[in-house]
């Protein structure tokens, strides 16, 4: 009964956290929309035209909560900055200003509304920024420079009228990703748009229109012109939005995968021993894992899933008994570090990704580990990510978690029994002093006074790890 109540409590707590998080996000989305509507009203009050534009219009038509709101207007940047008290000229030379709403009310997380002046762009010699910007008089001309038809829709928030100059509503109904105008010209203007086409298609469950797909395949080699940080950020979104498998299938089909992650492309066709991996080669195995990566998971876990078997192609050999990948975890760890550095990840992300790759095979030895070794193992930083990678890895192959789970649960029971009794020399000294102090006052000794700070921290870590283990 006690165990049942604790499980129910954990489930209830998760539901409370999830519900409160959803409510907070919903409340912020409503605040963002109200703030954007206020910006439009103020712009129009000064005689300017202004509309919602881009992804927010697309998401509203699809019944999805917009992540942010963009506004396009006839007002020039200097007029926008004079009208609103808190602004940031993030791209004023290109006609883009961020209006910050809530900064003067001591809000911890103010809302940023991007306001862009109608414009047409002239030349993109660096493959990202326009060589020159010419302000336009109408919204019709402005949308012609944007990337995809589904992102070129305008919405009058005061009348709820949708204005479509590019066929975006039709493409939403047909569920296709199509560029505005010539796809080759759009992709030459900003090569990252090729990866964005893949991400939008995967996120929305759409197909890439044939001429747009052909243009991506022809221009894929030019993706190297995009900075590594922008490529990394786009890959992060692909891996953590809940549609990672479809994204990587499309990256492969477009020819982008071999350009941005050649090590992952090399997984294709690398056979595995069927007695352990009946699902197929390393590429298929990795795709199955990616399918299990949930929306909103951490970047380190998502990249750990993608790269956990990255060392298999260079270590592949056919032994007399079966296919083997000797030391593929060690080789893969070095490769993962190289990939993370190439994409300029923060050090803490690189360390966690490499730790996930390095330790993903250790779960096979859990049943044989000494208890002290096993305890050190489960106290690895973010051990819950190691557990989740192991769960996904097993689920994508032999589906057998029993041995590892049994040993970890046995350790959990023993750890729970001994956790409260663990005391170091500092704890004993604190305990003696506290008891003497409270004896003179004839008051009970608070439990918090019977342990030193180091032991308190250690016990908290243990409890977190044990909680992760019991959720297997």
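The values are calculated or read from the model by the stated rules, or taken from the named source; none is laboratory data. Just so it is clear, the model here is predicted, and its values are computed rather than measured. Cβ sites come from the backbone with ideal geometry, for glycine too, and all protein chains shown count toward neighbours.
Side notes on the structure shown:
- Scan of the range 201-215 for residues that are crowded, with 20+ Cβ neighbours inside 10 Å and under 24 Å from the mean Cα position of the chain (by Cα), ordered by number: 201, 202, 208
- Any hit, the range 278-295, residues being within 26 Å of the chain's Cα centre (by Cα) and under 19 Å from residue 362 (Cβ atoms): yes
- For the range 59-71, the set of residues classified as touching a residue at least 24 places away in the same chain (Cβ under 8 Å) and surrounded by fewer than 24 Cβ atoms within 10 Å (Cβ to Cβ) consists of 60, 61, 62, 65, 66, 68, 70, listed by residue number.
- Matching residues, the range 77-97, being assigned to a helix (DSSP H, G or I), touching a helix residue (DSSP H, G or I) at 6+ places or on another chain (Cβ under 7 Å) and buried (at least 19 other Cβ atoms within 10 Å of the Cβ): 77
- Filtered residues of the range 293-325 (kept if more than 15 Å from residue 282 (Cα to Cα) and part of a loop (DSSP other than H, G, I, E, B)): 293, 294, 295, 296, 297, 298, 319, 320, 321, 322
- Some residue of the range 243-252 being in a loop (DSSP other than H, G, I, E, B), modelled with pLDDT of 95 or more, under 17 Å from the mean Cα position of the chain (by Cα) and under 22 Å from residue 339 (Cα atoms): yes
- Some residue of the range 232-239 being part of a loop (DSSP other than H, G, I, E, B), under 18 Å from the mean Cα position of the chain (by Cα) and buried (at least 16 other Cβ atoms within 10 Å of the Cβ): no
- Scanning the range 343-378 for residues that are surrounded by 14 or more Cβ atoms within 10 Å (Cβ to Cβ), in contact (Cβ under 8 Å) with a residue 60 or more places away in the chain and within 25 Å of residue 235 (Cβ to Cβ) turns up 343, 345.
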